[in-house]
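Throughout, read-outs are computed from the coordinates displayed, never taken from laboratory work. What you see is a predicted model; the values in this text were computed from it and never measured. Here Cβ is always computed from backbone atoms with ideal geometry, including for glycine, and neighbour counts include all displayed protein chains.
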Amino acid sequence: MTVTIREAVDADWEEAGRICYDAFATLADAHGFPHDFPTVAAAAEPIRWMINHPQFHGVVAEDGGRIVGSSFMDERSIISAIGPVSVDPGAQNRQVGHALMAAMLDRAAERRAAGVRLLQLAYHNRSLSLYAKLGMDVRGSFAAMYGEPVGVALPGYDVRAATCDDEPAMNDLCLRVHGHTRAGEVSDAIESGGAMVVERLGRITAYTTGVTYFTHSVAETSDDLAALIGAARDYGTPGFLVPLANTELFRWCLHHGLRVFFVLNMLTVGLYQEPRGAYMPSVGY
Ligand SMILES: CC(C)(COP(=O)(O)OP(=O)(O)OC[C@H]1O[C@@H](n2cnc3c(N)ncnc32)[C@H](O)[C@@H]1OP(=O)(O)O)[C@@H](O)C(=O)NCCC(=O)NCCS
């Protein structure tokens, strides 16, 4: 098998999307887990969006002119986030994933990204081993939580839609908790109407770019996060990600009837500091 890696172009999105769906569905079936992507379109549409987003980098792997895998990287902030990485089930375990990941890490090094991160399915030994072998460190585990919206309001925690005026305070909060901002995602989420903030005593104490699998939240306390979860109208599936180290928030979600879809591990290379506050990552980081 002679694999070549090239930049993804718009014409690739359908085939890359089909392979992404097949790769995750086959893996989930083999382990008795529900599918991450319910349909081919649910895998393909985000890939189309990423290929056409100027701050995402995508590559496909080809074998004899046929696409056998793809990988994408979010470059909107100083930390780059890899995902999804997928290889056609018939071509797996033959170094294609390694080549895709090496291309991502080389690109991040060339661009002098401060760090690179991703979340991987904890039940997939191969991806865990591949990423660790490539130099990534395991930082923690996260439960994807799904279910009916909790629909509770916490007295004193005013949750409202974020506006452009909130952007500096949101970025400052992320800087205080994580040591870096995620400004690109914050401005995208404000523009699309998905961002919310918590205000306590006239101060922004939490924000979310959306309480879902693909979005992130940063807060001063776990109660601030609970206020965001309580106000969100739809978590989608596989749901939003709760750090298992935050036992208080994890148990709060369970006591409010939410269920665990699966568990993921975060892996990082480069800049990383232990968060100084509460947070919920996206599937990127
Ligand atoms: C994860 C995935 C992209 C990896 O691609 P791949 O082409 O199958 O993997 P590769 O053959 O390139 O690499 C696998 C590596 O893990 C090693 N490995 C596999 N299983 C292992 C195990 N149980 N223990 C230790 N090492 C293991 C292999 O030896 C190989 O190491 P090497 O690169 O040093 O040779 C692919 O399997 C896939 O699409 N899976 C489904 C979707 C998915 O989970 N994507 C990742 C989401 S984060």
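Suppose we keep only residues that are among the small types (Gly, Ala, Ser) and in a helix (DSSP H, G or I) within segment 198-238. Which one would you say is farthest from Pro38 (Cα to Cα)? Looking at residues that are among the small types (Gly, Ala, Ser) and in a helix (DSSP H, G or I), I get Ser222. Scanning segment 65-94 for residues that are near the ligand (Cβ under 9 Å from one of its atoms) and over 13 Å from the mean Cα position of the chain (by Cα) yields a total of 11. Candidates in segment 123-140 are the residues that are crowded, with 17+ Cβ neighbours inside 10 Å and among the hydrophobic types (A, V, I, L, M, F, W, C); of these, the one that is nearest to the ligand (Cβ to nearest atom) is Leu130.
Assess whether Val186 counts as being buried (at least 21 other Cβ atoms within 10 Å of the Cβ), touching a Ser or Thr at 6+ places or on another chain (Cβ under 9 Å) and closer than 20 Å to Cys253 by Cα. Criteria not met by Val186. Against the numbered list (1) in a strand (DSSP E or B); (2) buried (at least 22 other Cβ atoms within 10 Å of the Cβ), Arg6 comes up short only at (2). The number of residues in segment 95-122 being touching a His at 6+ places or on another chain (Cβ under 9 Å) and within 9 Å of the ligand (Cβ to nearest atom) comes to 1.
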